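See structure below.
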Amino acid sequence: MKRDRDRTAWRDTAKGLEKYKAAREDAQRRANETGYDHGIEPSDYFEVFQIFLLPMKKNRQGFELRCEVVHCSDLSKCQPGHGPSA
């Protein structure tokens, strides 16, 4: 039986960490501009980090609960249902 390679290993490489840093900065910029929470999730098949807008905290389900959540830096700009205190 042939073993598959570890598909998550790319995340710990220099290129993977660089992609994460760029995705985290982009997600933070988007959250700061809109006041809405954004999520970051790795795609191991394509070796990228996906960034997406999240719904209100009470309406999240599935992968939206497992992703890394990025909140707006200025809590006064957070939209209803978003931010760390939602």
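Data overview
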| item | result |
| --- | --- |
| Segment 29-77, subset assigned to a loop (DSSP other than H, G, I, E, B) and aromatic (Phe, Trp, Tyr), residue surrounded by the fewest Cβ atoms within 10 Å (Cβ to Cβ) | TYR45 |
| Residue in segment 61-83 that is in contact with a strand residue (DSSP E or B) (Cβ under 6 Å, 6 or more places away or on another chain), among the small types (Gly, Ala, Ser) and either at pLDDT 95 or above or on the phi < 0 side of the Ramachandran plot (or both) present | no |
| Within segment 14-28, considering residues that are exposed (fewer than 15 other Cβ atoms within 10 Å of the Cβ) and aliphatic (A, V, I, L, M), the one nearest to the chain's Cα centre (by Cα) | ALA22 |
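The values are calculated or read from the model by the stated rules, or taken from the named source; none is laboratory data. Here the structure is a predicted model, which is why all the values come from computation and not from measurement. As a convention, Cβ positions derive from the backbone with ideal geometry for all residues, glycine included, and neighbour counts pool all protein chains shown.
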